[in-house]
Amino acid sequence: MHAVVHGERTLTDVDFARLTKLLSQQLPPTLADLLASAEVMRSRAVNADVITMYSRVEVVDAHTRRRQVLTICYPDDAEPAAGCISVLSPVGISLLGLKAGDVAKWLTPTGEECAAEITAIQYQPEAAGDYSR
């Protein structure tokens with residue numbers, strides 16, 4: 001398990017283009033930072049261990065050891081109670097572009113520091129041949 005240094009994230013070209021369109025809205029500065037620093041690659045070339053949009057990941061909270069399965073989605077598809085979290089949320093932004101084994105870190109709206117280890121990527125659209133998500 002290792003923490004990720006700024007600039008060590010990968011986005012697909014499709015995710016990058018769609019997320020860039022969201023920037024016209026009032027968005028968290030951390031999304032703009034992610035878009036400015038991430039490596040962008042073709043969807044067909046992204047490794048299966050990279051979290052892309054609509055990936056389903058298993059994470060373990062660093063403090064409570066609670067295990068959760070989350071799917072990173074666009075805001076209109078978010079259903080937190082069902083584990084579908086918006087890419088615009090602190091957790092969603094912190095996970096996107098990381099790999100299994102990485103540690104995601106984020107701040108809650110109240111300023112609390114949180115972290116979770118990515119223990120598995122259960123599903124990644126690109127690895128399943130779905131390049132349209």
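The values are calculated or read from the model by the stated rules, or taken from the named source; none is laboratory data. Note that the structure is predicted; figures quoted are calculated from it, not measured. As a convention, Cβ positions derive from the backbone with ideal geometry for all residues, glycine included, and neighbour counts pool all protein chains shown. We work out accessible area using only protein heavy atoms, side chains counted, and drop any ligands, DNA or RNA first. Shrake-Rupley method; radii C 1.70, N 1.55, O 1.52, S 1.80 Å.
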Portion, in percent, of the accessible area of the chain that falls on carbon or sulfur, probe 1.4 Å: 50 percent
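Compute the Rg to Rh ratio over segment 91-133 from the alpha carbon atoms, using the Kirkwood formula for Rh, and round to two decimal places.
Values: Rg = 12.8 Å, Rh = 11.8 Å.
For segment 91-133, the value is 1.08.
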Under the Karplus curve 6.51 cos²θ - 1.76 cosθ + 1.60, θ = phi - 60°, whole-Hz ³J(HN,Hα) for segment 84-89, x wherever Gly or Pro sits: 8, 10, 5, 5, 7, 6
Taking the Cα centre of the chain as origin and charging only Cβ (+1 Lys, Arg; -1 Asp, Glu), how large is the dipole, in debye to the nearest 20? 120 debye
Let me understand the chain better: what is its radius of gyration from the alpha carbons, and its Dmax, in angstrom? 13.6, 39
Filtering GluC sites (Glu not before Pro) in segment 1-104 by DSSP loop and by at most 15 other Cβ atoms within 10 Å leaves GLU8
Using a 7 Å offset from the Cα along the Cα-to-Cβ direction at both LEU107 and SER24, what is the distance between the two label points in nm, to one decimal? 3.0 nm
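For segment 2-133, what's the relative contact order in percent, using C-alpha pairs closer than 8 Å and at least 6 residues apart?
Contact order relative to length: 28 percent.
For the chain, what does the accessible surface come to per residue with a 1.4 Å probe? Please give it in Å².
54 Å²
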Farthest positive-ward along the chain dipole, Cα basis, beta-carbon charges - from LEU34, GLY111, ILE51: ILE51
